[in-house]
Amino acid sequence: MNIFTVKNKIKIGLTLAIMAYMPMKAAAWGIIGHRVVGEVASTYLTSKARKGVKQILGNESMAMASNWPDFIKSDTSFNYMGAWHYVNLPGGLDKAGVYQFLKSAEEPNVFNQINKMVALLKNKQTPAAEQKMALRVLIHLVGDLHQPMHTARKEDLGGNKVYVTWFGGRSNLHKVWDESIVDYQQLSYTEYATAINHPTKEQITAWQAAPLQDYVLESYMICNQVYATIKPDDKLGYRYNFDYIDTINGQLLKGGVRLAKIINDIYGGKG
């Protein structure tokens, strides 16, 4: 073995070691989670809303459209959307505090950008290309808002700097909630949506009646619980999945049911 081969092997080994300990940054529900929200929402659309979505997206389903705002992060011209995926909230707020924070926040965040996308879609003068972008973004952001770590703390980047292990692998709290628990179920997005899409009529009515601020509040309250039960370098696995899978499934389901209500309202409600 010559010296160049040895050097290359050492270099490769060091690179792999560094990658293993690099913090893994996540920015939203993973691909499966977002598609579950979109798929669930599609089952609650009115005929008018279904027609409106079809006119904008064509043959692209809501499930497949849901990941567009993450995929376009590879294009730096869309960097301005980075802050749209979350809203950083300090700890210790009550309902009134959350409401006031959202009212006074001037910087772009997931809450005010959802409202902006709704306004664009309701405006009949919005160009077709902008409508398509707005609908894709809306589908994605409503999903994001139901991921509790998207209402987390600024100082740790929404849990991205809270390092843990997931079944022995280096990870962080945000990634565990974004992707790891959902992916651990080993279901396709259609299988996942079918498995959880069984709300009662009472649940649908209550979830859809809640104002957008309450979507934030609910995620924030769950986020507080998550922070309270985790320590840096915790080893997460079977038990963590068992403790939180019902919460995650509930948030995915709520996200889909509420997304449908928002879209139904845009296109004329019933009928």
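The values are calculated or read from the model by the stated rules, or taken from the named source; none is laboratory data. The structure displayed is predicted, hence computed values, not measured ones. All Cβ positions, even for glycine, are placed from backbone atoms using ideal geometry, and neighbour counts span all protein chains on display.
Couple of notes before you dig in:
- Qualifying positions in region 109-120 - under 16 Å from the mean Cα position of the chain (by Cα), farther than 10 Å from Leu138 by Cβ and not β-branched (Val, Ile, Thr): Asn109, Phe111, Asn112
- Only one of the numbered conditions (1) of a type in the set (Gly, Ala, Ser); (2) part of a loop (DSSP other than H, G, I, E, B); (3) within 20 Å of the chain's Cα centre (by Cα) is not met by Gly92, and that is (3).
Okay, residues lined up against (1) within 13 Å of Tyr240 (Cβ to Cβ); (2) surrounded by 15 or more Cβ atoms within 10 Å (Cβ to Cβ); (3) among the hydrophobic types (A, V, I, L, M, F, W, C); (4) modelled with pLDDT under 95:
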| position | (1), (2), (3), (4) |
| --- | --- |
| Lys154 | no, no, no, no |
| Phe167 | yes, no, yes, no |
| Tyr184 | yes, yes, no, no |
| Tyr192 | no, yes, no, no |
| Thr200 | no, no, no, no |
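- In region 75-91, the residues that are at negative phi and surrounded by fewer than 18 Cβ atoms within 10 Å (Cβ to Cβ) never reach a residue that is part of a helix (DSSP H, G or I) and of a type in the set (Phe, Trp, Tyr) with C-beta atoms less than 6 angstrom apart, at least six apart or across chains.
- Residue check, His140 closer than 20 Å to Ala228 by Cα and assigned to a helix (DSSP H, G or I): no
- The combined condition, being under 21 Å from the mean Cα position of the chain (by Cα), at pLDDT 95 or above and farther than 30 Å from Pro90 by Cβ, is fulfilled by Ile204.
- Of residues in region 223-254 being closer than 22 Å to Ala206 by Cβ and charged (D, E, K, R), the one surrounded by the fewest Cβ atoms within 10 Å (Cβ to Cβ): Asp246
- Of Gln125, Gln131, Gln113, all but one fail to be surrounded by 14 or more Cβ atoms within 10 Å (Cβ to Cβ) and farther than 30 Å from Gln225 by Cα; the exception is Gln131.
- Qualifying position, being in contact with a helix residue (DSSP H, G or I) (Cβ under 9 Å, 6 or more places away or on another chain) and either surrounded by fewer than 17 Cβ atoms within 10 Å (Cβ to Cβ) or part of a helix (DSSP H, G or I) (or both), among Gly52, Gly97: Gly52
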